[in-house]
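Worksheet: the structure to be examined is printed underneath.
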Amino acid sequence: MTSSTAALPFAPDDRAPADPAALADRLRRADPAVLLAVLAQVTGDASVLDRYAGAIAHVPDAPEMAGVTDPATAAAIVSDLAAALAVEGRAPVLAPDDPELFARLVPLALGVTPGDEFLPMLLEQGGFHPAQPVLPRTAPLPPTLDVVIIGGGLAGIAAAIAAAREGVSYEVLERNDDIGGTWLVQNYPGVGVDTPSSYYSLSSELNPDWTSYYPKGGEYQDYLRAVADKHGIPEHTRFGAEVESLVWDDAEHRWDVHVRSTDGTRSVTRAAAVITALGYLNRPQFPRVEGRDSFAGISVHSGEWDPALDLTGKRVAVIGAGCTSAQIVDSIVDDVAHLTLFQRQPHWVAPRKRDSDDVPEHHRWLSRHVPFYANWLRLKAFWGSADSAYPVVIVDPEWASTHLSISRANDVLLQDCLAYIDRAFGAGSELAAKVTPDFAPFGKRIIRDPGGYYPALARDHVDVLVTEPARIVPEGVVTPDGDLVEVDVIVYATGFHLDFLSTMDIRGRDGRALVDEWSGNPRAYRGGTVPGFPNLFITSAPNTNPSHGAGNNFGIEVAVHYIVECLHLLAERGARSLEPTREAYEDYVDEIDRAMESTVWRHTPGAHTYYRNESGRVIVASPWRLVDVWQQHRSPIEEHFVLR
């Protein structure tokens, strides 16, 4: 295993900060456990662990674990690290990603011992080194193995970086006029990330300067644009290009990609492989309610927000009570004259653990200037929201038979959420009853309160109605009881249609349509591959969402690594196309469904969630631990594929 500086969050000139006093001051405010890990990596001297690690203890400080120690030891760690950073040009004896050293550092820095099976994944997800190649690289990727990437969001950027790194010719087709995907087009009030910012990024492209632990959409869009610019991705991107269809040419072993440009012109481009980097929630969904078009005021869907819309002094109805609704309500409550929330079904809402989401200045400074500091902050955020949370979604049948929660671990979260409801609304109050779900946490996507959502619902000028609109009239919204709620603006925070490529006509071998292959039940083998559709890779494939924790960036990185390994398998075998066998595909889907039976998503059929299709099959969430998914996608199993 070799060390790589590509993932480091600092420039070489920053290894020795110019102001020793500023360095020492900020180091004193940092977590001593993390600083000790950094000291061992910077110096390559594992003996510092023998000298200081015994004095380190840990206390919870969500979403991280904070190392605490006696003042004398903390001061000694700070002094030694400051001195080490002042030495220029000294190469550590041990590589920063040395497996044995890393195995000693993880329990120290995280405050827990994840187990040896997690360490290779943590090395990668911490950004200490990039994804490691698995298959041989004895045959170069041929120049004929070019790639079209559909979508310029996070997945498209990750795929483009990988293609460039492997020397693969690629083109990104993006229907919008800029990079960013979701974070370009979503601009409703309060839009933001609900995964910790230090983790919700590419492991190879750490951002040391997040201003918020949960940044707003604009800041995340700036991050994506900066990463894309760094790698020259816009120069390989055709903007205003919407892919209408894909047609496999079996004789040429290539895809014909049919594109419609913004000006209405159509064209066809060809590629040996296609990577779809599209999300599955893109088309706004409206409730089926009578009279929606008759409203005389302003109607807006959260996914089609008009930035010029001024809600000051307006009477506003917000329809929907999911994550988007919570962010909007939190953001607009101080501006509106009156707000009515129409809630079909409540979500569990987890309280914000900090008084403020602002990242302290010393964290940002140290992340910019101190090697590996940002890597450890990322890894701590990842572990706190990754497989450590997996027991929360797994059913204990004995426990679940007598509890609303599904397990003891799930009940801990339920009690935390219930306590938050009591604090916000008063135990036993009418409003508390309205916002309390009747299913286990994670039965539908849990909401993180951005800070003011529950307090907003308790305001005097806010009403919560546990109902859907019966119909819309020019004056406002009529409830099932016949009451008229007069409003000036209706905000539809009602989510999106679940589209696994269903808006695109994809024709594989023998002209078979992907929509027919799936017939309302999207499925995929590893790497988002489907039999009969050679060299087609779906980064946001069915059952790949890490729904118990982490973020979709994890699934994206896992998929992109696997795709690269598949391309190298083609090169090693001198083949031109690759697709999974029908048997491997069906066996893998069966494994998913069997594992899913033990999860909260199958145990809570009364929870309304887009995770399930109309027949009740869970098609979005993955039932496995992240480490299991990561291991499954290290390299393709050759006998599971047809190579031609």
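What's the ranking of 442-451, 47-56 by average number of surrounding C-beta atoms within 10 Å, highest first?
Sorting 442-451, 47-56 by mean packing, highest first, produces 442-451, 47-56.
Give me D for region 64-209 in µm² s⁻¹, whole number, from Stokes-Einstein with Rh from the Kirkwood sum over alpha-carbon pairs, 4 °C and 1.567 mPa s.
Here the translational diffusion coefficient equals 66 µm²/s.
Please report the orientation-averaged projected area of region 280-368, defined via the convex hull of its C-alpha atoms, in nm².
If you wrap the Cα atoms of region 280-368 in a convex hull and average its projections, you get 9.4 nm².
P(r) tail for region 413-551, what percent of Cα pairs lie past 26 Å?
Roughly 52 percent, once rounded to a whole number.
Express as a percent, rounded to the nearest 5, the fraction of DSSP beta bridges in the chain (both residues included) that run antiparallel.
Beta bridges within the chain, antiparallel portion: roughly 50 percent.
How far, in nm, would the chain grow between Ser261 and Phe239 when pulled straight, counting 0.36 nm per residue and subtracting the alpha carbon separation?
7.1 nm
To the nearest µm²/s, what D does Stokes-Einstein give for region 517-557 at 20 °C and 1.002 mPa s, using the Kirkwood radius over alpha carbon pairs as Rh?
Using the Kirkwood radius from Cα pairs, D works out to 194 µm²/s.
What is the log10 of I(q)/I(0) for region 477-527, computed with the Debye formula using one identical point scatterer on each Cα and no solvent, at q = 0.24 Å⁻¹?
The computed values of log10 I(q)/I(0) come out as -1.01.
Take the Cβ-Cβ distance between Val268 and Ile298 as r, set R0 to 51 Å, and report the resulting FRET efficiency rounded to the nearest 0.05.
E(calc), rounded to 0.05, equals 0.80.
In nm, to one decimal, how far is the modelled label at Thr211 from the one at Arg644, with both set 7 Å along Cα→Cβ?
5.4
Which of the peptides 170-178, 304-312, 147-155 is most tightly packed, and how do the rest follow, judged by the mean count of other Cβ atoms within 10 Å per residue?
Final packing ranking: 147-155, 170-178, 304-312.
By a straight-distance test (C-alpha under 24 Å), which lysines pair with Lys230 as possible cross-link partners, with residues fewer than eight away in the same chain excluded?
Straight-line reach from Lys230, under 24 Å: Lys216.
Normalised by the residues of region 146-305, what does the relative contact order come to in percent, with Cα pairs under 8 Å and at least six apart?
This gives 30 percent for region 146-305.
For a distance above 14 Å, tell me the whole-number percent of Cα pairs in region 594-644 that qualify.
62
When we measure straight from the Cα of Lys434, which aspartates and glutamates land under 14 angstrom away, once same-chain ones fewer than 8 places off are left out?
By straight Cα distance, Lys434 reaches Asp422, Asp463, Glu468.
As a test of the definition: which semi-axes, in Å, follow for region 220-358 when you take the square root of five times each eigenvalue of its alpha carbon gyration tensor? Largest first, please.
Square roots of five times the eigenvalues give 40, 22, 16 Å.
Kindly give Rg over Rh for region 510-644, based on alpha-carbon atoms, with the Kirkwood expression for the hydrodynamic radius.
On the Cα set of region 510-644, Rg over Rh gives 0.97.
When the scattering of region 562-640 is computed by the Debye formula from its Cα atoms alone, each counted once and equally, what is log10 I(q)/I(0) at q = 0.24 Å⁻¹?
So the normalised log intensities work out to -1.15.
What's the percent breakdown of Cα-Cα distances in region 325-373 across 10 Å bins, shortest bin first?
Percent of pairs per bin, in order: 17, 30, 25, 18, 10, 0.
Alpha carbons only, please: Rg and Dmax for region 335-432, in angstrom.
For region 335-432, the Cα radius of gyration and maximum Cα-Cα distance read 19.0, 53 Å.
Expected output is a single nm value to one decimal: the length gained when fully extending between Ala251 and Arg165, i.e. 0.36 nm times separation in residues minus the C-alpha distance. What is it?
Once the chain is fully extended between Ala251 and Arg165, it gains 28.0 nm.
Starting from one equal scatterer on each C-alpha and no solvent at all, send me the Debye-based log10 I(q)/I(0) for region 188-296 at q = 0.09 Å⁻¹, two decimals.
-0.43
Can you give the FRET efficiency to the nearest 0.05 for Asp25 and Glu290, using r as the Cβ-Cβ distance and R₀ = 51 Å?
It comes out at approximately 0.20.
At 7 Å along the Cα-to-beta-carbon direction for both Ala83 and Arg51, put a label point, then send me their distance in nm to one decimal.
In this crude label model, Ala83 to Arg51 measures out at 0.7 nm.
Simple spin-label model, 7 Å along Cα-to-Cβ: Gln631 to Ala513 in nm?
Label at Gln631, label at Ala513, 4.1 nm between them.
Provide the convex hull volume over Cα atoms per residue for the chain, in Å³.
173
Gap in Å between the Cα centre of region 439-490 and the Cα centre of region 565-644?
So the two Cα centres are separated by 37 Å.
Over all directions, average the projected area of the Cα convex hull of region 122-176 and note it in nm².
4.8
Sorted from fewest to most neighbouring beta carbons within 10 Å, what does the list Asp460, Asp422, Asp98 look like?
Asp460, Asp422, Asp98
What is the diffusion coefficient of region 46-150 in µm²/s, taking the Kirkwood radius over Cα pairs and the Stokes-Einstein relation at 37 °C with a viscosity of 0.692 mPa s?
In µm²/s, the coefficient is 191.
Rounded to the nearest 500, what is the 222 nm mean residue ellipticity of the chain from helices alone, with -39500 (n - 2.57) per DSSP H run of 4+ residues and division by all residues?
Using -39500 (n - 2.57) per qualifying helix, the result is -9500 deg cm²/dmol.
Determine the relative contact order of the chain: mean sequence separation of Cα pairs under 8 Å and six or more apart, normalised by residue count, in whole percent.
17
Where a Cα-Cα gap under 20 Å defines reach, which lysines qualify for Lys380, not counting those fewer than 8 residues away within the same chain?
Lys353
Bear in mind these aren't lab numbers, they're just calculated from the coordinates by the rules spelled out. Please read all numbers here as calculations on a predicted model, not as lab measurements. Neighbour counts run over all protein chains shown; Cβ positions are idealised from the backbone, glycine included.
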